[in-house]
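S.K.: Structure incoming, see below.
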Amino acid sequence: MNDERNCAEHMEDMYDLPSVPPDASRAKKKNPNLRTAATIVCAMILMLGSGYAGARLALSQIHAPDFSMTPLAYESPQHATDSQHAANSQHMSDSQHAANSEAAHSFDSLRTSASAMSLPELFDGANPAVVAISTEITGRNAFGMTVTRPSAGSGFLISNDGFIVTNEHVIENARSIMVLMYDGRELPATVIGSDIDSDIAIIKIDGTNFPFLTFGDSDAVRVGEQVAAIGNPLGELANSMTVGYISALNRDIYIEGTSRNKIQTDAAINRGNSGGPLLNLHGEVVGVISAKSTGLDVEGLGFAIPANQAQDVANQLIRYGFVRGRAILGVSINIQPGAHQVQIATVNAGSAAERAGMLVGDVILSANGEPVLTFAQLRAILDTLTPGESAEFRVRRNGEELTLTVILDEYRPAGL
(Lines give C-alpha, C1' and ligand atoms only; values in the text may rest on other atoms or scores of the structure.)
Protein backbone atom coordinates (compact mmCIF):
# COMPACT_ATOMS: atom_id res chain seq x y z
CA MET A 1 0.00 0.00 0.00
CA ASN A 2 2.84 2.43 0.78
CA ASP A 3 4.40 1.90 -2.65
CA GLU A 4 1.01 2.38 -4.27
CA ARG A 5 0.48 5.64 -2.42
CA ASN A 6 3.95 6.85 -3.35
CA CYS A 7 3.33 6.11 -7.01
CA ALA A 8 0.08 8.07 -6.93
CA GLU A 9 1.66 11.13 -5.32
CA HIS A 10 2.71 13.23 -8.26
CA MET A 11 1.70 16.81 -7.64
CA GLU A 12 2.35 19.37 -4.91
CA ASP A 13 1.02 22.85 -4.38
CA MET A 14 4.38 24.54 -3.95
CA TYR A 15 8.04 24.14 -4.86
CA ASP A 16 9.70 22.47 -1.86
CA LEU A 17 13.42 23.21 -1.90
CA PRO A 18 15.48 20.82 0.26
CA SER A 19 18.29 22.15 2.39
CA VAL A 20 21.74 22.28 0.79
CA PRO A 21 25.31 22.77 2.05
CA PRO A 22 26.42 26.42 2.43
CA ASP A 23 28.41 26.35 -0.80
CA ALA A 24 25.69 24.76 -2.87
CA SER A 25 23.37 26.90 -4.97
CA ARG A 26 20.97 24.44 -6.48
CA ALA A 27 17.63 23.51 -4.98
CA LYS A 28 15.46 20.61 -6.07
CA LYS A 29 11.98 19.29 -5.53
CA LYS A 30 11.51 15.88 -3.98
CA ASN A 31 10.76 12.77 -6.00
CA PRO A 32 9.75 9.59 -4.17
CA ASN A 33 9.06 7.83 -7.46
CA LEU A 34 12.72 7.90 -8.52
CA ARG A 35 13.55 5.58 -5.63
CA THR A 36 11.68 2.82 -7.46
CA ALA A 37 12.62 3.80 -11.01
CA ALA A 38 16.27 4.81 -11.11
CA THR A 39 16.80 4.10 -14.81
CA ILE A 40 13.68 5.67 -16.30
CA VAL A 41 14.32 7.49 -19.58
CA CYS A 42 11.96 10.45 -19.92
CA ALA A 43 11.30 12.47 -23.07
CA MET A 44 11.05 16.18 -22.30
CA ILE A 45 9.63 18.80 -24.61
CA LEU A 46 12.32 21.38 -25.37
CA MET A 47 10.80 24.79 -25.94
CA LEU A 48 13.73 26.99 -25.07
CA GLY A 49 14.78 30.52 -25.73
CA SER A 50 14.94 34.01 -24.35
CA GLY A 51 14.08 33.47 -20.72
CA TYR A 52 12.04 30.34 -21.46
CA ALA A 53 12.52 27.16 -19.45
CA GLY A 54 9.60 25.14 -20.74
CA ALA A 55 10.76 21.55 -20.35
CA ARG A 56 8.14 18.96 -19.48
CA LEU A 57 7.58 15.27 -19.72
CA ALA A 58 6.18 14.57 -23.16
CA LEU A 59 3.56 12.04 -22.04
CA SER A 60 2.58 12.70 -18.46
CA GLN A 61 2.92 16.50 -18.74
CA ILE A 62 4.36 16.77 -15.25
CA HIS A 63 7.69 18.24 -14.29
CA ALA A 64 11.05 16.66 -14.92
CA PRO A 65 11.67 13.30 -13.22
CA ASP A 66 14.04 14.77 -10.63
CA PHE A 67 11.29 16.99 -9.29
CA SER A 68 8.08 15.09 -8.51
CA MET A 69 5.43 16.58 -6.26
CA THR A 70 3.03 15.26 -3.63
CA PRO A 71 -0.60 16.31 -3.24
CA LEU A 72 -2.19 18.34 -0.48
CA ALA A 73 -5.93 18.14 -0.01
CA TYR A 74 -8.03 21.28 0.09
CA GLU A 75 -9.98 20.15 3.13
CA SER A 76 -13.30 20.98 4.71
CA PRO A 77 -12.33 24.11 6.70
CA GLN A 78 -12.01 25.89 3.34
CA HIS A 79 -15.52 24.97 2.18
CA ALA A 80 -18.45 27.08 3.27
CA THR A 81 -21.69 25.40 4.38
CA ASP A 82 -24.93 25.77 2.44
CA SER A 83 -26.11 28.45 4.84
CA GLN A 84 -22.83 30.32 4.42
CA HIS A 85 -23.16 30.08 0.64
CA ALA A 86 -26.63 31.55 0.89
CA ALA A 87 -25.44 34.39 3.10
CA ASN A 88 -22.33 35.02 0.96
CA SER A 89 -23.66 34.43 -2.53
CA GLN A 90 -22.71 36.62 -5.45
CA HIS A 91 -26.00 38.46 -4.89
CA MET A 92 -24.92 40.08 -1.64
CA SER A 93 -27.18 42.50 0.18
CA ASP A 94 -26.87 46.25 -0.32
CA SER A 95 -25.35 46.60 3.14
CA GLN A 96 -22.67 44.02 2.30
CA HIS A 97 -21.82 45.78 -0.96
CA ALA A 98 -21.65 49.08 0.87
CA ALA A 99 -19.36 47.60 3.53
CA ASN A 100 -17.07 46.08 0.91
CA SER A 101 -16.95 49.31 -1.07
CA GLU A 102 -16.13 51.27 2.07
CA ALA A 103 -13.34 48.82 2.99
CA ALA A 104 -11.89 48.98 -0.52
CA HIS A 105 -12.03 52.81 -0.50
CA SER A 106 -10.41 52.87 2.93
CA PHE A 107 -7.58 50.61 1.73
CA ASP A 108 -7.03 52.76 -1.37
CA SER A 109 -6.73 55.84 0.82
CA LEU A 110 -4.25 54.16 3.13
CA ARG A 111 -1.98 52.75 0.44
CA THR A 112 -1.80 56.03 -1.48
CA SER A 113 -0.60 57.88 1.57
CA ALA A 114 3.10 58.41 2.17
CA SER A 115 3.08 56.71 5.54
CA ALA A 116 3.19 52.95 6.01
CA MET A 117 0.15 51.07 7.25
CA SER A 118 -0.01 49.20 10.48
CA LEU A 119 -0.09 45.44 10.09
CA PRO A 120 -3.78 45.18 11.08
CA GLU A 121 -4.61 47.89 8.51
CA LEU A 122 -2.60 46.02 5.89
CA PHE A 123 -4.44 42.77 6.56
CA ASP A 124 -7.88 44.39 6.64
CA GLY A 125 -7.24 46.13 3.34
CA ALA A 126 -5.45 43.38 1.41
CA ASN A 127 -7.19 40.26 2.68
CA PRO A 128 -10.44 40.68 0.64
CA ALA A 129 -8.38 40.47 -2.58
CA VAL A 130 -6.54 37.27 -1.60
CA VAL A 131 -8.09 33.91 -2.55
CA ALA A 132 -7.56 30.24 -1.78
CA ILE A 133 -7.40 27.96 -4.82
CA SER A 134 -8.58 24.34 -4.92
CA THR A 135 -7.81 22.15 -7.94
CA GLU A 136 -8.23 18.61 -9.20
CA ILE A 137 -4.90 17.64 -10.77
CA THR A 138 -4.50 14.97 -13.42
CA GLY A 139 -1.23 13.12 -14.10
CA ARG A 140 0.27 9.67 -14.39
CA ASN A 141 1.72 7.43 -11.72
CA ALA A 142 4.78 5.19 -12.07
CA PHE A 143 2.64 2.51 -13.73
CA GLY A 144 1.46 4.90 -16.45
CA MET A 145 -2.05 5.06 -15.02
CA THR A 146 -3.95 8.35 -15.08
CA VAL A 147 -4.67 9.54 -11.55
CA THR A 148 -6.48 12.58 -10.15
CA ARG A 149 -5.59 14.20 -6.85
CA PRO A 150 -6.71 17.35 -5.03
CA SER A 151 -4.24 20.17 -4.59
CA ALA A 152 -4.33 23.67 -3.15
CA GLY A 153 -2.68 27.04 -3.45
CA SER A 154 -3.21 30.78 -3.18
CA GLY A 155 -3.77 33.71 -5.49
CA PHE A 156 -4.82 37.36 -5.54
CA LEU A 157 -7.09 39.53 -7.65
CA ILE A 158 -5.46 42.20 -9.83
CA SER A 159 -8.61 43.66 -11.39
CA ASN A 160 -12.19 44.37 -10.38
CA ASP A 161 -13.47 42.05 -13.13
CA GLY A 162 -11.93 38.87 -11.76
CA PHE A 163 -8.39 38.35 -13.10
CA ILE A 164 -6.30 36.43 -10.55
CA VAL A 165 -2.53 35.90 -10.34
CA THR A 166 -1.23 32.57 -9.03
CA ASN A 167 1.65 30.17 -9.71
CA GLU A 168 1.78 28.03 -12.82
CA HIS A 169 2.53 24.97 -10.72
CA VAL A 170 -0.65 25.55 -8.68
CA ILE A 171 -2.95 25.09 -11.70
CA GLU A 172 -0.77 22.84 -13.88
CA ASN A 173 -2.76 19.90 -15.32
CA ALA A 174 -5.85 20.99 -13.37
CA ARG A 175 -9.12 19.44 -14.51
CA SER A 176 -11.08 21.94 -12.44
CA ILE A 177 -10.29 25.07 -10.45
CA MET A 178 -12.33 26.55 -7.62
CA VAL A 179 -11.61 29.88 -5.96
CA LEU A 180 -12.59 30.51 -2.33
CA MET A 181 -13.21 34.18 -1.59
CA TYR A 182 -12.57 35.73 1.81
CA ASP A 183 -16.33 36.03 2.40
CA GLY A 184 -16.97 32.30 1.91
CA ARG A 185 -18.09 32.28 -1.71
CA GLU A 186 -16.68 29.53 -3.93
CA LEU A 187 -16.45 30.41 -7.61
CA PRO A 188 -15.25 28.34 -10.60
CA ALA A 189 -12.26 29.72 -12.46
CA THR A 190 -10.86 29.29 -15.96
CA VAL A 191 -7.22 29.47 -17.06
CA ILE A 192 -6.42 32.51 -19.18
CA GLY A 193 -2.72 31.69 -19.61
CA SER A 194 0.26 30.18 -17.81
CA ASP A 195 4.02 30.41 -18.10
CA ILE A 196 6.26 27.65 -16.76
CA ASP A 197 9.44 29.72 -16.97
CA SER A 198 8.28 32.47 -14.63
CA ASP A 199 5.88 30.16 -12.74
CA ILE A 200 3.09 32.72 -13.21
CA ALA A 201 -0.47 31.92 -14.27
CA ILE A 202 -3.62 33.96 -14.75
CA ILE A 203 -7.03 32.53 -13.95
CA LYS A 204 -10.37 34.33 -14.06
CA ILE A 205 -13.65 34.26 -12.17
CA ASP A 206 -16.88 35.79 -13.46
CA GLY A 207 -18.19 38.90 -11.79
CA THR A 208 -17.52 42.59 -11.23
CA ASN A 209 -16.59 44.97 -8.44
CA PHE A 210 -14.08 42.59 -6.88
CA PRO A 211 -11.48 44.08 -4.50
CA PHE A 212 -7.99 43.86 -6.00
CA LEU A 213 -4.32 44.50 -5.30
CA THR A 214 -1.78 46.49 -7.28
CA PHE A 215 1.87 45.70 -8.01
CA GLY A 216 4.65 47.74 -6.49
CA ASP A 217 8.17 48.30 -7.80
CA SER A 218 10.23 45.29 -6.75
CA ASP A 219 13.41 47.08 -7.85
CA ALA A 220 12.81 49.54 -5.03
CA VAL A 221 12.57 46.83 -2.36
CA ARG A 222 15.38 46.90 0.19
CA VAL A 223 16.86 44.22 2.42
CA GLY A 224 15.48 44.69 5.92
CA GLU A 225 12.13 46.02 4.71
CA GLN A 226 9.15 44.55 6.55
CA VAL A 227 6.73 42.52 4.45
CA ALA A 228 3.68 40.31 4.94
CA ALA A 229 2.47 37.18 3.14
CA ILE A 230 -1.25 36.36 2.95
CA GLY A 231 -2.37 32.97 1.68
CA ASN A 232 -3.70 29.49 2.24
CA PRO A 233 -1.01 27.56 4.16
CA LEU A 234 -1.39 23.77 4.19
CA GLY A 235 -4.44 24.12 1.94
CA GLU A 236 -6.54 24.41 5.10
CA LEU A 237 -5.89 27.83 6.66
CA ALA A 238 -7.14 30.32 4.08
CA ASN A 239 -6.58 34.05 4.64
CA SER A 240 -3.64 33.62 7.03
CA MET A 241 -1.05 36.38 7.30
CA THR A 242 2.58 35.93 8.31
CA VAL A 243 5.06 38.74 8.76
CA GLY A 244 8.80 38.99 8.21
CA TYR A 245 11.52 40.93 6.44
CA ILE A 246 13.23 40.97 3.07
CA SER A 247 16.28 38.80 3.68
CA ALA A 248 17.99 39.09 0.29
CA LEU A 249 17.43 40.20 -3.29
CA ASN A 250 18.30 38.64 -6.65
CA ARG A 251 18.75 35.13 -5.32
CA ASP A 252 19.42 32.63 -8.13
CA ILE A 253 17.44 29.57 -7.06
CA TYR A 254 17.65 26.44 -9.22
CA ILE A 255 14.31 24.71 -9.74
CA GLU A 256 13.99 21.96 -12.35
CA GLY A 257 17.52 22.70 -13.51
CA THR A 258 16.69 26.33 -14.29
CA SER A 259 18.00 29.37 -12.46
CA ARG A 260 15.16 31.59 -11.27
CA ASN A 261 15.62 35.04 -9.78
CA LYS A 262 13.87 35.36 -6.43
CA ILE A 263 13.31 37.66 -3.49
CA GLN A 264 14.19 35.94 -0.21
CA THR A 265 12.08 36.49 2.90
CA ASP A 266 11.93 35.09 6.42
CA ALA A 267 8.13 35.43 6.61
CA ALA A 268 6.71 31.99 7.40
CA ILE A 269 5.92 30.23 4.10
CA ASN A 270 4.23 26.84 3.90
CA ARG A 271 2.71 24.56 1.30
CA GLY A 272 -0.44 26.22 0.09
CA ASN A 273 1.08 29.72 0.16
CA SER A 274 2.12 29.32 -3.47
CA GLY A 275 0.71 32.09 -5.63
CA GLY A 276 -0.11 34.40 -2.74
CA PRO A 277 1.10 38.01 -2.47
CA LEU A 278 4.15 39.28 -0.63
CA LEU A 279 3.12 42.80 0.42
CA ASN A 280 4.98 45.87 1.56
CA LEU A 281 3.52 48.12 4.24
CA HIS A 282 1.91 50.35 1.60
CA GLY A 283 -0.30 47.47 0.49
CA GLU A 284 1.57 46.86 -2.77
CA VAL A 285 2.48 43.41 -4.09
CA VAL A 286 6.28 43.27 -4.26
CA GLY A 287 6.49 39.53 -4.91
CA VAL A 288 4.50 36.39 -5.67
CA ILE A 289 5.23 33.56 -3.22
CA SER A 290 6.55 30.51 -5.08
CA ALA A 291 9.05 28.40 -3.11
CA LYS A 292 10.57 27.54 0.24
CA SER A 293 13.57 25.63 1.53
CA THR A 294 12.90 22.74 3.89
CA GLY A 295 14.86 20.48 6.18
CA LEU A 296 15.48 19.89 9.85
CA ASP A 297 18.18 22.54 9.88
CA VAL A 298 16.31 25.11 7.76
CA GLU A 299 14.17 27.92 9.10
CA GLY A 300 12.82 31.12 7.55
CA LEU A 301 13.83 30.61 3.93
CA GLY A 302 10.98 31.59 1.63
CA PHE A 303 11.18 32.88 -1.92
CA ALA A 304 9.00 35.08 -4.11
CA ILE A 305 8.93 36.07 -7.77
CA PRO A 306 9.79 39.78 -8.07
CA ALA A 307 6.71 41.90 -8.77
CA ASN A 308 8.16 43.62 -11.84
CA GLN A 309 8.68 40.25 -13.54
CA ALA A 310 5.32 38.91 -12.40
CA GLN A 311 3.43 41.99 -13.60
CA ASP A 312 5.03 41.88 -17.06
CA VAL A 313 4.20 38.20 -17.47
CA ALA A 314 0.67 38.70 -16.12
CA ASN A 315 -0.02 41.51 -18.60
CA GLN A 316 1.13 39.36 -21.52
CA LEU A 317 -0.87 36.34 -20.36
CA ILE A 318 -4.00 38.48 -20.16
CA ARG A 319 -3.38 40.04 -23.57
CA TYR A 320 -2.03 37.08 -25.55
CA GLY A 321 -2.50 33.96 -23.42
CA PHE A 322 1.26 33.36 -23.48
CA VAL A 323 4.55 35.27 -23.19
CA ARG A 324 5.85 36.51 -26.50
CA GLY A 325 9.44 36.76 -27.72
CA ARG A 326 10.65 33.32 -26.65
CA ALA A 327 12.54 31.12 -29.06
CA ILE A 328 12.06 27.39 -29.49
CA LEU A 329 14.18 24.68 -31.02
CA GLY A 330 11.31 22.28 -31.67
CA VAL A 331 12.64 18.97 -30.33
CA SER A 332 12.18 16.72 -27.33
CA ILE A 333 15.16 15.35 -25.45
CA ASN A 334 15.81 11.94 -23.91
CA ILE A 335 16.71 12.40 -20.27
CA GLN A 336 18.42 9.38 -18.73
CA PRO A 337 19.55 9.59 -15.08
CA GLY A 338 23.33 9.67 -14.87
CA ALA A 339 23.86 10.14 -18.60
CA HIS A 340 26.11 13.08 -19.52
CA GLN A 341 24.76 13.71 -22.98
CA VAL A 342 21.77 15.39 -24.61
CA GLN A 343 20.18 13.21 -27.27
CA ILE A 344 17.27 14.23 -29.49
CA ALA A 345 14.23 11.99 -29.02
CA THR A 346 11.82 13.63 -31.49
CA VAL A 347 11.93 16.46 -34.02
CA ASN A 348 8.71 18.43 -34.51
CA ALA A 349 7.44 18.66 -38.08
CA GLY A 350 8.13 22.07 -39.60
CA SER A 351 10.23 23.15 -36.63
CA ALA A 352 13.47 25.12 -36.60
CA ALA A 353 15.33 21.90 -35.81
CA GLU A 354 13.83 20.05 -38.78
CA ARG A 355 14.64 22.90 -41.18
CA ALA A 356 18.24 22.82 -39.93
CA GLY A 357 18.53 19.09 -40.57
CA MET A 358 18.48 17.77 -37.01
CA LEU A 359 17.51 14.10 -36.73
CA VAL A 360 16.26 11.78 -34.04
CA GLY A 361 19.28 10.23 -32.32
CA ASP A 362 21.57 13.22 -32.81
CA VAL A 363 23.60 14.00 -29.69
CA ILE A 364 24.02 17.74 -29.10
CA LEU A 365 27.64 18.45 -28.18
CA SER A 366 27.66 22.25 -28.12
CA ALA A 367 25.53 25.30 -28.82
CA ASN A 368 27.12 28.53 -30.03
CA GLY A 369 30.50 27.16 -28.97
CA GLU A 370 29.43 26.35 -25.42
CA PRO A 371 29.76 22.68 -24.42
CA VAL A 372 26.52 20.82 -23.68
CA LEU A 373 26.64 17.82 -21.35
CA THR A 374 23.28 18.23 -19.63
CA PHE A 375 19.79 19.36 -20.45
CA ALA A 376 20.15 22.26 -17.99
CA GLN A 377 23.29 23.49 -19.79
CA LEU A 378 21.55 23.47 -23.15
CA ARG A 379 18.55 25.28 -21.74
CA ALA A 380 20.73 27.94 -20.10
CA ILE A 381 22.48 28.64 -23.42
CA LEU A 382 19.26 28.87 -25.39
CA ASP A 383 17.64 31.10 -22.77
CA THR A 384 19.81 33.94 -24.11
CA LEU A 385 18.52 33.65 -27.69
CA THR A 386 15.52 35.25 -29.40
CA PRO A 387 13.17 34.17 -32.23
CA GLY A 388 14.73 34.61 -35.66
CA GLU A 389 18.25 34.44 -34.27
CA SER A 390 20.59 31.78 -35.62
CA ALA A 391 22.55 29.39 -33.43
CA GLU A 392 25.35 26.98 -34.30
CA PHE A 393 24.87 23.44 -32.99
CA ARG A 394 27.56 20.78 -32.99
CA VAL A 395 26.00 17.31 -33.07
CA ARG A 396 27.28 13.75 -33.23
CA ARG A 397 25.50 11.44 -35.68
CA ASN A 398 26.54 7.84 -36.30
CA GLY A 399 30.03 8.53 -34.97
CA GLU A 400 30.55 11.69 -37.03
CA GLU A 401 30.39 15.30 -35.88
CA LEU A 402 28.38 17.86 -37.82
CA THR A 403 27.73 21.60 -37.46
CA LEU A 404 24.14 22.72 -38.05
CA THR A 405 22.80 26.27 -38.16
CA VAL A 406 19.36 26.67 -36.60
CA ILE A 407 17.19 29.75 -37.07
CA LEU A 408 14.96 29.65 -34.01
CA ASP A 409 11.17 30.02 -34.07
CA GLU A 410 8.92 31.92 -31.65
CA TYR A 411 7.09 29.86 -29.09
CA ARG A 412 3.31 29.81 -29.36
CA PRO A 413 1.01 27.45 -27.48
CA ALA A 414 -0.80 24.84 -29.54
CA GLY A 415 -3.69 26.33 -31.44
CA LEU A 416 -2.35 29.90 -31.50
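S.K.: Relative contact order for the stretch 243-292: what percent, with Cα pairs under 8 Å and sequence separation of 6 or more? Please list the in-between numbers first.
M.R.: Working: 68 pairs, mean separation 14.0, N = 50.
Contact order relative to length: 28 percent.
S.K.: Highest mean first, how do 172-184, 207-219, 396-408 rank when packing is the count of other Cβ atoms within 10 Å averaged over residues?
M.R.: Numbers: 172-184: 19.0, 207-219: 17.0, 396-408: 13.7.
Peptide ranking by packing, descending: 172-184, 207-219, 396-408.
S.K.: Which far-off residues, 5 or more places away or on another chain, put their amide H under 5 Å from the one on Asn273, with H placed in the peptide plane?
M.R.: Asn232, Leu234
S.K.: Using a 1.4 Å probe on the protein chains only, how many percent of the accessible area of the stretch 260-416 belongs to carbon and sulfur? Numbers along the way, then the final one.
M.R.: Working: 3120 of 6600 Å².
Carbon-and-sulfur percentage of accessible area, whole number: 47.
S.K.: So, in nm, how far is label Met145 from label Ser118 when the simple model puts each one 7 Å beyond its Cα toward the Cβ?
M.R.: 5.6
S.K.: Which of rounded, prolate, oblate describes the stretch 372-416, given a ≥ b ≥ c as roots of the alpha-carbon gyration tensor eigenvalues and a/c under 1.5 marking rounded, otherwise prolate only if a/b is larger than b/c? Present the calculation step by step, with values, prior to reporting the outcome.
M.R.: Working: a/c = 2.00, a/b = 1.70, b/c = 1.18.
It is prolate, given that a/c is not under 1.5 and a/b is the larger ratio.
S.K.: Another question, if that's okay. What accessible area per residue, rounded to a whole number of Å², is obtained for the stretch 273-351 using a probe radius of 1.4 Å? List each step's numbers first, then the result.
M.R.: Values: 2880 Å² over 79 residues.
With the other protein chains kept in place, the stretch 273-351 gives 36 Å² per residue.
S.K.: Give the shape of the stretch 241-371 as rounded, prolate or oblate, defined through the alpha-carbon gyration tensor: a ≥ b ≥ c are the square roots of its eigenvalues, a/c under 1.5 means rounded, and otherwise the shape is prolate if a/b is larger than b/c and oblate if not. Write out the running numbers ahead of the final one.
M.R.: Numbers: a/c = 3.14, a/b = 1.83, b/c = 1.72.
Because a/c hits 1.5 or more and a/b exceeds b/c, the stretch 241-371 counts as prolate.
S.K.: Something else: Quick check: from the Cα gyration tensor, does the stretch 304-353 come out rounded (a/c under 1.5), prolate or oblate? Please report the intermediate quantities before stating the final value.
M.R.: Working: a/c = 4.21, a/b = 1.74, b/c = 2.41.
The shape class here is oblate.
S.K.: How big is the dipole moment of the stretch 259-349 about its Cα centre under a simple scheme where the beta carbon of each Lys and Arg is +1, that of each Asp and Glu is -1, and everything else is neutral? Debye, nearest 20, please.
M.R.: Details: 7 positive and 5 negative charges, 79 e Å.
It works out to roughly 380 debye.
S.K.: Further question on the same structure: Which residue, chosen from Thr214, Asn173, Asn261, occupies the Cα position most advanced towards the positive end of the dipole of the stretch 173-289, where the dipole is computed from +1 (Lys, Arg) and -1 (Asp, Glu) charges on Cβ about the Cα centre?
M.R.: Sorting the options by dipole projection puts first Asn173.
S.K.: With the contact rule set at Cα under 8 Å and sequence spacing of 6 or more, what percent relative contact order holds for the stretch 265-337? It would help to have the intermediate numbers written out before the result.
M.R.: On the way: 81 pairs, mean separation 17.9, N = 73.
It rounds to 25 percent for the stretch 265-337.
S.K.: So how much slack lies between Arg397 and Val360, counting 0.36 nm per residue of separation and subtracting their Cα-Cα distance, in nm?
M.R.: Values: separation 37, 0.36 × 37 = 13.32 nm, distance 0.94 nm.
Going from the current span to full extension adds 12.4 nm.
S.K.: Apply the Karplus parameterisation 6.51 cos²θ - 1.76 cosθ + 1.60, with θ equal to phi minus 60°, to every residue of the stretch 346-361 and state each ³J(HN,Hα) to the nearest whole Hz, in sequence, with x for glycine and proline.
M.R.: With the stated coefficients, the stretch 346-361 comes to 9, 10, 5, 4, x, 7, 4, 5, 5, 4, 7, x, 5, 10, 4, x Hz.
S.K.: Quick one: dipole size for the stretch 147-243, taken about the Cα centre, charges +1 on Lys/Arg Cβ and -1 on Asp/Glu Cβ, in debye to the nearest 20.
M.R.: On the way: 5 positive and 13 negative charges, 62 e Å.
Magnitude of the dipole: close to 300 debye.
The values are calculated or read from the model by the stated rules, or taken from the named source; none is laboratory data. Predicted model only: the values in this text are computed from it and were never measured. All Cβ positions, glycine included, derive from the backbone under ideal geometry; neighbour counts span all protein chains shown. Each accessible area value is taken on the protein alone, full model and side chains, heavy atoms only, with ligands, DNA and RNA left out. Shrake-Rupley method; radii C 1.70, N 1.55, O 1.52, S 1.80 Å.
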